[in-house]
Amino acid sequence: MTRHLLISPVLLLLLACAHLPPITPIAGAPPSGTGQESCSIFPDGKWQFLHSIRAEMPGGMNFVMMGLTVMSSRTRTSRSVIMTLEGFVVFDGEYDQQLIVYRALPPFDSPHFAGGLMDDIRLIFLEPDGPVIGFGEVANGSVVCRHAAPDGSTVDIGLQRDGAWELRRYSPAQRLTRAVRVLPGARNDAGFPETLELTAYGDQTYKLVMTLVEAVQIEP
């Protein structure tokens, strides 16, 4: 007897979203390689951000912590400090051409944690490295600026009609590795989103929900 493999429409959609989607050019839009001005969502200058972070980790481990980030769009540097709610520092690291870890206590002392964290910080707060290679719409209706990164990965900046935006990073094999979603609506006085949701895919899966507590501009 022949058996048929049935795949639900939801699973098909998830499988499709896990790969780099095609872009449909917008009539009258600038050619590929330009138009990135419409995707300027990143903070300009040097800023300090304080977030409350709810982490959902593998194995059902969930916890809440505080994250302090200092970043500069001009020098493309960042420093990240993770603290308990009582203010005890469990991780302190910096990226300035190379990764420097000043403090890392368990479970934040794993070999992959520091590099992954600083990659996440750069994804959220700094414009992607590499040129814009595509500009147009994808299947979900978002307008996308597609960047080709030097390491062979691809970063899509997707703008939605309700004012929300999303970042999606794909591996050189065009598999989805990170997604950052901004909820529509709330912004603080400086124009930054109140809530960010980062989801990591692959061997190390986790989700971070970041709620903005304070944003302070240090230098223009």
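The values are calculated or read from the model by the stated rules, or taken from the named source; none is laboratory data. It should be emphasised that the depicted structure is a prediction, and the values quoted were computed from it without experimental measurement. Glycine also receives a Cβ, built like all others from the backbone with ideal geometry; neighbour counts cover every protein chain displayed.
A few comments on the model shown:
- Apart from one condition, residue 97 fits all of (1) modelled with pLDDT under 95; (2) surrounded by 13 or more Cβ atoms within 10 Å (Cβ to Cβ); the exception is (2).
- Looking only at the range 56-84, and only at residues there that are at pLDDT below 95 and aliphatic (A, V, I, L, M), the one that is nearest to residue 45 (Cα to Cα): 57
- Lone unmet requirement of (1) surrounded by fewer than 17 Cβ atoms within 10 Å (Cβ to Cβ); (2) touching a residue at least 24 places away in the same chain (Cβ under 8 Å); (3) within 18 Å of residue 112 (Cβ to Cβ); (4) of a type outside the set (A, V, I, L, M) for residue 91: (1)
- In the range 1-31, residue farthest from residue 217 (Cα to Cα) [restricted to those that are in a loop (DSSP other than H, G, I, E, B) and modelled with pLDDT under 50]: 1
- So residue 142, is it touching a residue at least 24 places away in the same chain (Cβ under 8 Å) and small (Gly, Ala, Ser): yes
- The residue of the range 121-178 that is nearest to residue 81 (Cα to Cα), among those that are of a type in the set (S, T, N, Q) and out of contact with any Ser or Thr (no Cβ under 9 Å at 6 or more places or on another chain), is 142.
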